[in-house]
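For reference, the structure discussed in these notes is given below.
The values are calculated or read from the model by the stated rules, or taken from the named source; none is laboratory data. Since the structure is predicted, the reported quantities are computational estimates derived from the model, not experimental observations. Counting neighbours? That spans all protein chains shown, and the Cβs are built from the backbone with ideal geometry, glycine included. Only protein heavy atoms, including side chains, enter the accessible area calculation; ligands, DNA and RNA are left aside. Shrake-Rupley method; radii C 1.70, N 1.55, O 1.52, S 1.80 Å.
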Amino acid sequence: DHNSRTTWLTTINEDGTPHVTPVGAVWVDGGYFFQTAATTKKGRNVARDARCTVAVSTQGSDIVVEGNAVQVTDHASVARAVKAWQDQGWPCEPDESGERITAPFNAPALGPAPWNVYRVEARSAIVTLGTEPGGLTRFRF
């Protein structure tokens, strides 16, 4: 299940070093969505430099997606991401604007809701299969 594993997001700090953090990312419409406040380190990083990487181990494979984090504000995409988070048991919902999300709880470091929603627009992906036939494949988009 794409949406049942810890997903790691790497963004680029102002000094060029990587910032790696676990996120509650969900796979929706062929891409990873994550949410955060604009004031968090990852939120400030993607506002300054959208390049990022998402990494996740699923049953039978390891996946790394490289791309750009793009803030999502269209109501339909936010609603689909909300549905995926709800399906995982997180009771989030679109805020009054329909462009961000809110929930009764989140990681304390994110600060108060509402939070921005981002989609990772993939440039490339590396998939390593852990079962037969095995191997590593790189995809470019």
*Quick one: in the stretch 1-35, of everything that is out of contact with any strand residue (DSSP E or B) (no Cβ under 6 Å at 6 or more places or on another chain) and among the small types (Gly, Ala, Ser), which residue is most open to solvent (accessible area, probe 1.4 Å)?*
4
*Looking at (1) in a loop (DSSP other than H, G, I, E, B); (2) of a type outside the set (D, E, K, R); (3) closer than 19 Å to residue 12 by Cβ, which is the only condition residue 116 fails?*
(1)
*asked:* Given the options 78, 56, 70, 82, name the one that is closer than 18 Å to residue 123 by Cα and out of contact with any His (no Cβ under 9 Å at 6 or more places or on another chain).
replied: 70
*Being open to solvent by 40 Å² or more (accessible area, probe 1.4 Å), in a strand (DSSP E or B) and either of a type in the set (D, E, K, R) or touching a helix residue (DSSP H, G or I) at 6+ places or on another chain (Cβ under 6 Å) (or both) is the filter here, so list the residues in the stretch 36-91 that pass it.*
51, 62, 66
*Show the residue pairs that are 6+ apart or on different chains and have beta-carbon atoms under 9 Å apart, the first residue being within the stretch 75-103 and over 15 Å from residue 114 (Cα atoms), the second being in a helix (DSSP H, G or I) and open to solvent by 20 Å² or more (accessible area, probe 1.4 Å).*
none
_Residue check, residue 116 of a type in the set (S, T, N, Q) and under 17 Å from residue 28 (Cβ atoms)_ = yes
*Only residues that are open to solvent by less than 80 Å² (accessible area, probe 1.4 Å) and at pLDDT below 90: list them for the stretch 107-128, please.*
107, 110, 111
